[in-house]
Amino acid sequence: MPTINETQAQIVEDFSFLPQWDERYAYLIELGQKMDPLPEAYRIEENLVRGCQSTVWLHRECRDSQVFLQADSDSLIVKGLAALLMQVFSGQPAEDVEKTDLTFLSATGLNKHLSSQRANGLLAMIDEIKTFAKGCAAGDL
Amino acid sequence: MPTINETQAQIVEDFSFLPQWDERYAYLIELGQKMDPLPEAYRIEENLVRGCQSTVWLHRECRDSQVFLQADSDSLIVKGLAALLMQVFSGQPAEDVEKTDLTFLSATGLNKHLSSQRANGLLAMIDEIKTFAKGCAAGDL
Amino acid sequence: MAININHIRNDFPILKTTVNGQPLIYLDNAATTQKPQTVIDAVTQYYTTYNSNIHRGTHHLSNLATEAHENARKTVQTYVNAEHDHEIIFTRGTTEAINLVAFAFGEAFVNPGDEVIVTEMEHHSNFVPWQMMCERRQARFRVVPFNADGVLKLDVFENLLNDKTRIVAFNHVSNSLGTVNPARQIIQMAHEAGAAVLVDAAQSVQHVDHDVRALDADFYAFSGHKIYGPTGIGVLYGKQSWLDAMPPYQGGGEMIELVTIDKTTYNKLPFKFEAGTPNIVGPIGLAAAIDYLNTMDFNDIVAHEDDVLEYGRQRLLEVDGLKLYGNGKHHTSIMAFNIDGIHHYDLGTLLDTKGVAVRTGHHCTQPIMTALGVEGTVRASLGLYNTRADIDALVTGIQKVITLLGR
Amino acid sequence: MAININHIRNDFPILKTTVNGQPLIYLDNAATTQKPQTVIDAVTQYYTTYNSNIHRGTHHLSNLATEAHENARKTVQTYVNAEHDHEIIFTRGTTEAINLVAFAFGEAFVNPGDEVIVTEMEHHSNFVPWQMMCERRQARFRVVPFNADGVLKLDVFENLLNDKTRIVAFNHVSNSLGTVNPARQIIQMAHEAGAAVLVDAAQSVQHVDHDVRALDADFYAFSGHKIYGPTGIGVLYGKQSWLDAMPPYQGGGEMIELVTIDKTTYNKLPFKFEAGTPNIVGPIGLAAAIDYLNTMDFNDIVAHEDDVLEYGRQRLLEVDGLKLYGNGKHHTSIMAFNIDGIHHYDLGTLLDTKGVAVRTGHHCTQPIMTALGVEGTVRASLGLYNTRADIDALVTGIQKVITLLGR
Ligand SMILES: Cc1ncc(COP(=O)(O)O)c(C=O)c1O
Ligand SMILES: Cc1ncc(COP(=O)(O)O)c(C=O)c1O
C-alpha cells in the first residue's frame, strides 16, 4: 500500500493531465461515484459533518492503530473530494494521518479553485479526520 | 440704514479686495476687535452659544419688532464672524432677519473655507438669531 | 426612453474580466453588486487628494472631507426622500442598521410581555437581532409565515398584530425568493395597531420603490455594496421622532456633546448614532453610486431589469426538472431554483467553470429553506447591467452541467 | 539602517498636493494618516478585478475575495503577534471594537456591584462605552487620574484595583498627551487582581510596541485609518478563551450556524463577532498598509519618528509663551500645546492658511481638558513621513501667526 505522500503525489500527477477545470470536476465526480457505497447503518447523526452547503457522512474506524474511513455526500463534487481524502488516509497508520500535511489540495489548486472550504465542508472533514487519528494513535479509541 | 441684503453685498465686495485668505482672516479679526465690547452684565450663561471649539456670548434684544444684537467670543476669528452677523442683522426688522437668506457666507467662500461650521459655532449662532427673530417678529418677546 | 445597456456595461470595468478563460457572467448581484468606474474614481480621488478625518478639523483637507461626507448624506436623503438629512445615519450595512434599531428601540420601548413581529422570509440579519432583543427584553418573538408561492400570509399577520406589538420588521424584497412584499399595506396595518415598522430594503432600494415617506416607514435600512457603492457602508433612515426618543447604540467620539467622569450628554442627530471615526470614504462612494443611478430614469432601470427577469424566468422554466421558488405576482431581480437530482452546490460550482457566477446555499435564510423543504437553492440575481444574453449564457451553462452529470 | 524618507514621502501621493497655494504640511496623523499608493492600488484592484461577497460563494470572484480577506486576517495576526488568526476580529474601528467588548464582556461577566476601571486620559471612545455598560450592568465606574506631567498615577490605580474589578481599559498612548503608558506593568497589576484588560492601541500600534502576547493583553483594539490603511476598518484582538466565553454582539448573516424560529446557534470565531457583510475591501487595504510597513524595520520607523518628535518639542519650547502638555518620560508622535493669549482655534485656522494641518479642540478627550484646565489645545501629530522640515514649517507658521495677531 502506498504511503500518504505517495498517494498525494499520484493525485497531483493525475490532475496534471487534466488542465481544464470542467475536466477536473468530471474526474472528481467519477471518483466519488466509484467509491464503495456507504452502508445505510453508517448514515447516522454522529457521522454527520456539516458544511454550509452540503452534508457529508464520515464513518471512522480505528483498528490496530490504523484509520479506516468511509464517506458519502449529497453533493457529487464534495463526494469526489471525500473520495480523495479516503484514498490518501484510509488504511494508513493513525500517526501518519495525524502528522502528515495535506499537500495535494494546494498542489492541485483545488484549495484555491474550489469555493471556500468552509462552504463545502472540506475543512470540517479534514478536521474530523485529524482529530480522530490523534485519538486513534494515542490508543484512546 | 442699509438693508440686510445691501450689507451682505457690501461684505462680499469688501472681501473681494482681499484675495488671500490670511488677509481675509486679518480683516475678520480687525472687525471683531472694532466691535463694541460686550458689557460684563451680558456675559451670562443664558447668552452662551457653544461651538465645539469656541465660546460665543450672544446678547439679543427685541425692540419695536427690530432685532438688536451684541456678541463676543474667546476666539478672535469667531468674534470676527460674529461681527459680520451683527453688521448684517443688528437693528434690522425682525421679520427680515427671520426671512432673509444669508448669502454672504457662500458668496465670500467663508462657509467652505472655514473649518466646519459646527466646530466654530457659526451655525449655532445663526440658528439662535433666526429663532430669536421669529419670536420677535411674532410679538412673543 | 430606454437605458443604453452597452454604455452601462462599459461603465463597470469588472464586467470585462474573464473567469476560467470565459467572459464573466455576473449573476450574484443580490450578494453584492459591481461598481461603476465613477464610484472607484470617487474612492481613489478621496484617498489621493483629500483624505482627512472629519467634523472637527480646522484645516482645509478636513473641510473638504467633511463637506463631501455631509453632501453624501444629502444625496442619500434625496434618493430615499427623507424629510431631514439628519434622519440619515451611516452604518456598516443593513445588518448593523437593524442591530442598532433592535438594540436602541428595544431599550426604549420594549418591555417584558411586549411583542415583536418578523416574517418567515427574512434574511438572518433581520431575524436574529430581533430574537436577541426579545431574549434580552423578555418580549415575544412572532413570525408571519408565507405560502407555497412565497407570498406572506397577511391574514396571519393581521391576527398576530395586537396592542402589545411594538415593532414589525420585514424585508420589502426577499433575497431568497425575489418576492416584493406589499410594503405600504403591511406598514399601514402595523401603524393601525400602534406598532412601529422597520423595512429591510437591502434588496429593494436598488430595484423598486424607495420613497420612505410614501411608504411611511419608521425605519428603513440598506447596504451600499448592494446598490453599486463601496463595501462597509450602509444606511439607516429613521423618523426623527423615533431617533430622538431612542438611547444611543455605541459610545465614543462624535456621538458626545459633553463628557465628564460623572455624566455624559449626547450629541444631536445624526451624530448621536455615529460613534467613532466613520467609514469616511463609504458615503462618498455611495453618493457617487446614487449619482450614477440618477443619470438615468429609475423607471427605465426597473423596466430593463423586469424584462431580463421575465425572460430569465421563462427560459429557466423550459429546463427539464427545474423548479423556481417564489411565484407570487410581484417579484423582482431574483431567480431561485433547483433542478431535480442535482445538488445546488454542484450546479453552482460547475457553472463557475463556464464563467457564470451564481450563488448557492441557504442565502442566510434558513427559515425559508426549512419552509421550502430544501437544504439550499441556486440563485441568479440581476443588476442593471445584466442582459438577456447573460440569461442565455446561464441556461446554456445549466444544459452543459446537466449533460456532464449525465442526468 | 535608517529609513529612506524621500522614498517614503514619494509613496504617499497626497503629500504632493498644495493647500492654499502652499505645499501641504500634514501634522494631523493622530486623527487619521495618509495612505501609500500601494494601499490605494489594493483598493482599486479589488473593485476593478475581484469585487465579490465572501465566505459563502461558489464562484471564482468570491473565492478570490474570500482568500484576500482571510489572508489579511493572517497579516494582522502576524503584525500583532496573536496566537490564532481567529482571535482577530474585524470591526469598523477602535470605537466599535471597544463597544463590542464593553457590551459582550459586560453581558457575560459584569454584575451589579462589580467595578470597571478606565483612566482620566482616555479618548471618549474608551470612556463612554464603559460608562454606558456600567449603567446597564449597574457596575461602578472608576477612573485613574494623571499628574501634571500627563503621567498616570499608578499608586491610585493600585488602590482602585480589588476583587470586584472585572476589567481595566486604558490607552497605550494618549491621543491628547502623547504619553506612552507602562502597558506591561498596568496589565500585570490588573491580572494580579484578577481583572481582564483592554488596551486601546489606536495611537500605539503604529508607533510603539504592538505585540499582544508580550503585553499579555486580553483585548487589543486599533483603527486601520490611523495606521496608513483605509477608513471603516478596525481590529479587535481578543484571547480565544475570552471571546469564546462572550455572547455575540450583533446578529445577522455570517455569525450564525443554525437559525430556526425557536433557536439560533452561533458560528465559531471569528465569525461569531462579524455579523453582516463586512467592509470587504477594508482588511485588504489594511493588509496592504501593514505589508508596506513590513518593507521597513519597525525600529527604524520608531527612531525616525522619535527624532522628529524630539526636534519638534525642542523647537516648540523655543516659542515664547508656548506650553507643551504631556511631559512624562515616555512619549511618542504627539505634541499638544497652547500659546499664551492665542485661542487654539485661531492658531489652527491661521496655520491652515500656511498649508500646515494641525488639529485643535478637545480631541475627544474632555476629561483631559478638564484636568488640564483648558478648553482645548493645538495638536501636531506625526506619521512616518514627517520630517524636521515639517517641524520648521510649523514653527515658522506659528511665528507668523503670532506676528499677525500682534501679540
Ligand atoms: C486613543 C484613541 N482611542 C480611540 C480612538 C477612536 O478611534 P476611531 O475613531 O477610529 O474609532 C482614537 C482616535 O480618534 C484614539 O486616538
Ligand atoms: C434582505 C436582506 N437583508 C439584509 C441583508 C444583510 O445585508 P448586509 O450583509 O450588507 O448587512 C441582506 C444581504 O445579504 C439581504 O439580502
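Computed per residue of chain B from DSSP H runs no shorter than four, each worth -39500 (n - 2.57), the mean residue ellipticity at 222 nm is -15500 deg cm²/dmol.
Counting only Cα atoms, I'd like the Rg/Rh figure for region D:24-159, Kirkwood definition for Rh. Don't jump to the answer; show the numbers that get you there.
Working: Rg = 20.3 Å, Rh = 18.7 Å.
That ratio equals 1.09.
Among C:154, C:243, C:177, the largest mean-square fluctuation in a Gaussian network model of chain C (Cα springs under 10 Å) belongs to C:154. Normalised by the number of residues in chain B, what is the relative contact order in percent for Cα pairs under 8 Å and 6+ residues apart? In percent, rounded to a whole number, it is 29. DSSP finds beta bridges in the protein assembly as shown, and of those with both partners inside it, around 70 percent are antiparallel. Excluding same-chain neighbours fewer than eight residues apart, the lysines reachable from residue D:400 by a Cα-Cα span under 20 Å are D:323, D:354. Placing a label point 7 Å from the Cα of residue A:14 along the Cα-to-Cβ direction, the residues of region A:55-81 whose backbone N falls under 14 Å of that point are A:79-81.
The GluC sites (Glu not before Pro) found in region D:277-347 that occupy coil by DSSP, while having at most 11 further C-beta atoms within 10 Å, are D:318. Every Cα-Cα pair in the protein assembly as shown was counted, and those over 59 Å apart are 14% of them. Taking Cα atoms only, the orientation of helix B:122-137 departs from the longest principal axis of chain B by about 30 degrees. Look at the dipole of the protein assembly as shown built from charges on Cβ: of C:396, C:154, A:75, the Cα furthest out on the positive end belongs to C:396. Relative intensity of chain A on a log10 scale, I(q)/I(0) at q = 0.10, 0.13, 0.14, 0.22 Å⁻¹, equals -0.30, -0.52, -0.61, -1.53, per a Debye sum over C-alpha point scatterers of equal strength in the absence of solvent.
Within a 10 angstrom radius of each residue's Cβ in A:43-49, how many Cβ atoms of other chains show up on average? Whole number is fine.
Values: counts 0, 0, 0, 0, 0, 0, 0.
Counting other chains' Cβ atoms within 10 Å and averaging over A:43-49 gives 0.
Which value, in Å³ per residue, describes the convex hull spanned by the Cα atoms of region C:72-116?
Working: hull volume 4.4 nm³, N = 45.
Given the Cα convex hull of region C:72-116, per-residue volume reads 97 Å³.
The mean sequence distance of close C-alpha pairs (under 8 Å, at least 6 residues apart), as a share of the length of chain C, puts its relative contact order at 23 percent. Taking every DSSP beta bridge that has both ends in chain D, the antiparallel portion is near 60%. Its DSSP H runs of at least 4 residues, each contributing -39,500 (n - 2.57), put the calculated 222 nm mean residue ellipticity of chain C at -12000 deg cm²/dmol, to the nearest 500.
Which of the DSSP-defined H helices in chain C satisfy a minimum axial length of 18 Å, computed from C-alpha atoms, and a minimum mean Kyte-Doolittle hydropathy of -0.5? Present the calculation step by step, with values, prior to reporting the outcome.
Details: long enough: C:60-80 (30 Å, -0.72); C:94-109 (21 Å, 0.99); C:281-294 (20 Å, 1.11); C:298-317 (28 Å, -0.47); C:388-404 (24 Å, 0.73).
Span-like helices, by this rule, are C:94-109, C:281-294, C:298-317, C:388-404.
Between residue B:134 and residue D:340, what FRET efficiency follows from the Cβ-Cβ distance if R0 is 45 Å, with the result rounded to 0.05?
Numbers: r = 41 Å, r/R0 = 0.92.
Working from the Cβ atoms, E equals 0.60.
Cα-Cα over 19 Å: which of B:112/D:16; C:226/C:268; C:239/C:272? If you can, show how the numbers build up before the last one.
Working: B:112/D:16 22 Å; C:226/C:268 29 Å; C:239/C:272 14 Å.
Exceeds cut-off: B:112/D:16; C:226/C:268.
Can you give me the C-alpha center-to-center distance between region C:238-305 and region D:65-130, rounded to a whole angstrom? First find each Cα centre; the distance between them is then 23 Å. Once the Cα-Cα distance is subtracted from the 0.36 nm per residue extended length, the residue C:265 to residue C:7 segment shows a gain of 87.8 nm. Computed from point charges on the beta carbon alone (+1 for Lys and Arg, -1 for Asp and Glu), the dipole magnitude for chain B about its Cα centre is near 320 Debye. Computed over the Cα atoms of region C:306-407, pair by distinct pair, the Kirkwood hydrodynamic radius stands at 13.8 angstrom. For the segment C:230-241, counting C-beta atoms of other chains within 10 Å of every residue's C-beta and taking the mean gives 4.
Sort region C:131-198 into rounded, prolate or oblate with this rule: let a ≥ b ≥ c be the square roots of the eigenvalues of the Cα gyration tensor; rounded if a/c is under 1.5, and if a/c is not under 1.5, prolate when a/b is larger than b/c, oblate otherwise. Walk me through the numbers before you get to the answer.
On the way: a/c = 1.83, a/b = 1.41, b/c = 1.30.
It comes out prolate by the Cα gyration axes.
Net charge dipole, the protein assembly as shown: roughly 220 debye, given to the nearest 20, about the Cα centre with Cβ charges of +1 for Lys and Arg and -1 for Asp and Glu.
Rounded, prolate or oblate: which fits region D:164-255 when a ≥ b ≥ c are the square roots of the eigenvalues of the alpha-carbon gyration tensor, with rounded for a/c under 1.5 and prolate only if a/b beats b/c? Note, shape of region D:164-255 comes out oblate. Here region C:236-284 has an Rg and Dmax of 11.6, 37 Å, counting Cα atoms alone. Derived from the Cα gyration tensor, the three semi-axes of the equivalent ellipsoid of region C:40-293 are 32, 22, 14 Å, largest first.
Hydrodynamic radius of region C:238-334 by the Kirkwood approach over all distinct alpha-carbon pairs: 18.2 Å. Counting only Cβ charges, +1 for Lys and Arg and -1 for Asp and Glu, the dipole size of chain D around its Cα centre is about 640 debye. How far apart, in nanometres, would the label points at residue D:317 and residue B:1 be if each is projected 7 angstrom from Cα along the Cα-to-Cβ direction? Those two pseudo-labels are separated by 5.5 nm. For the segment C:256-266, counting C-beta atoms of other chains within 10 Å of every residue's C-beta and taking the mean gives 5.
Give the residue list of trypsin sites (Lys or Arg not before Pro) in region C:180-273 that are DSSP loop and have at most 15 other beta-carbon atoms within 10 angstrom.
Here the trypsin sites (Lys or Arg not before Pro) that fit, given the DSSP loop and packing criteria, are C:263, C:268.
Can you compute the FRET efficiency between residue A:48 and residue A:101 using 1/(1 + (r/R0)^6), with r the Cβ-Cβ distance and R0 = 41 Å? Round to the nearest 0.05.
Numbers: r = 26 Å, r/R0 = 0.64.
According to the calculation, E is roughly 0.95.
When you filter the GluC sites (Glu not before Pro) in region D:67-154 for DSSP loop state and at most 12 other Cβ atoms inside 10 Å of their Cβ, you are left with D:83.
A Förster radius of 51 Å combined with the Cβ-Cβ distance from residue D:67 to residue C:184 puts the calculated FRET efficiency at roughly 0.75. Could you list C:364, D:134 so that the one with the fewest beta carbons within 10 Å of its beta carbon is first and the one with the most is last? With the sparsest Cβ surroundings first, the list reads D:134, C:364.
Each value in this text was obtained by applying a stated rule to the coordinates, not by laboratory testing. Since the model is a prediction, treat every value here as computed from it, not as a measurement. In this analysis, Cβ positions are derived from the backbone assuming ideal geometry, glycine residues included, and neighbour counts consider all displayed protein chains.
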